[in-house]
Amino acid sequence: MGIEKGIFKRTELLLGNSLMDKIASQRVIIFGIGGVGSWCAESLVRSGIRHLTIVDSDRVCVTNINRQLLATTKTVGQVKVDALKERLLEINPKAEITPLQQIYSAETADSFQLEQYDYIIDAIDSLSNKMDLMVRATKTKAVFFSSMGAALKMDPTKIQVAEFWKVKGCPLGAALRRKFKKVEKPRRKFLCVFSEEVLDNKGANESCGTEACLCPKSKNGPGDPDLVNHEWCSMKAQINGTLAHITAIFGFTLAGLVMKDICKE
């Protein structure tokens, strides 16, 4: 038995050989590989996805360790997509992982050639970039899934899946729908992972949230090549508390939606 055959023996036992071939042939792209996207990527590769593109401009920050798959004390400062690629290839050395250290935006969107993918997964934080991806992805033939906000949550039983326009109780979903009333809307319906739970940052008065960031900043200042395409934690407008089990469930649910769609009759 070859190593790849052995890796997926239990999956094949459940799904059958023909579906394993179908899973291996699918092309998937994930935008954002932080707390949600990293776990989604892990689950997909462990399930047999071989062609995976991961997109993120960031480097690993020490404050990522509490919730992001690729973040450890050994990877702090590394390019996230490179760290995750290394991890995924340890799971399946024959997987084709394409890491893109880039920011998705209206200006860069064409470079990603969305039409070449079977599945497009949105785990982007930026509101404007998220909206642009929603519009462009729904113009393609690819199946599109999106993650709403996973911060300020603790109860795993409140995580749900719904069509975008039916997402309730999620501040991010509400903000997106308000903005879409004034601009071009997504061309078709798509499913989102979300939770109605919204907690308070109880530690907000004890720490500003950015001073604890120990990211290895360059000694050469903002113009240093090491800082190109990197959004340091201290530059973010708002930082909210997050927990690993919530972000992981969001990510695993996205991966589950992909697998369910591939395996549907």
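Just so you know, all these numbers are worked out from the coordinates, no wet-lab data involved. Small disclaimer: the values here were computed from a predicted structure and weren't measured. Because the Cβ atoms are built from the backbone with ideal geometry, glycine has one as well, and the counts that use them run over all protein chains shown.
Length gained on full extension, GLU86 to ASP200: 37.5 nm, using 0.36 nm per residue less the C-alpha separation. Oblate is the label for the range 49-168, because the ratio a/c of its alpha-carbon gyration tensor axes (a ≥ b ≥ c) is 1.5 or higher and a/b is not greater than b/c.
When the chain is treated as a Gaussian network with alpha carbon springs shorter than 10 Å, the biggest mean-square fluctuation among SER38, SER111, SER47 belongs to SER111. Relative contact order, whole percent, for the range 3-263 stands at 24, derived from Cα pairs under 8 Å and 6 or more residues apart. Each peptide among 94-104, 246-256 gets the average number of other Cβ atoms lying within 10 Å of its residues, and from highest to lowest they stand as 246-256, 94-104. Each residue of the range 105-110 was assigned a 3J(HN,Hα) from its phi angle through the Karplus expression (A = 6.51, B = -1.76, C = 1.60, θ = phi - 60°), giving 7, 4, 6, 9, 3, 4 Hz with x at Gly and Pro. Sequence-ordered 3J(HN,Hα) estimates for the range 193-203 from the Karplus curve with 6.51, -1.76 and 1.60 and θ = phi - 60° stand at 9, 7, 9, 7, 5, 9, 9, 8, 7, 5, x Hz, glycine and proline given as x.
Each label point was placed 7 Å from the Cα along the Cα-to-Cβ direction; for VAL183 and LEU13 their separation is 4.9 nm. For the range 1-158, the relative contact order works out to 23 percent when only alpha carbon pairs closer than 8 Å and six or more residues apart are counted. Look at the alpha carbon pairs under 8 Å that are at least 6 residues apart: their mean separation over the length of the range 110-165 gives a relative contact order of 38 percent.
Estimated at 0.36 nm per residue, the fully extended path between ASP21 and THR72 surpasses their Cα-Cα distance by 15.0 nm.
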